[in-house]
1. Hey, rough spin-label estimate for GLN30 and ALA61, points 7 angstrom out along Cα→Cβ, what's it come to in nanometres?
2. Using every alpha carbon pair in segment 4-65, what percent of pairs falls into each 5 Å bin from 0 up to the bin containing the largest distance?
Amino acid sequence: MLARMNAANRFLIWGTMPLGAAAGGLPAGQFGLRATVAVCALAAPACALPVLLSPVRKVRAMPQPPAPVRSGAATEAGADAGPHRPAVSTER
């Protein structure tokens, strides 16, 4: 599982590098390197605007998931079964 996560991470990061190179190279060729770096430096803080303007700033604690609803028809073997404890029949 870790190898798949690493592969996905590399694909997303390394796969976008040519796009970033083109996005920086085209204006640098058109307007000059100093102007492009200055514009990018001034525009970089704009990346934080979506988070600053979203409700994420007001979150002080992680929200808890809703409690599972237990039906009255739960069997004795499955009553205390959770995601890590499968229901096993004790009858032989």
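Values in this text are rule-based calculations from the coordinates and carry no lab data. Note that the coordinates shown come from a computational prediction; the quantities given were computed from them, not determined experimentally. Heads up, the Cβs are rebuilt from the backbone with ideal geometry, glycines too, and the neighbour counts pull from every protein chain shown.
1. Here the answer is 5.1 nm between the modelled labels.
2. 4, 13, 13, 13, 15, 17, 13, 7, 3, 2, 0
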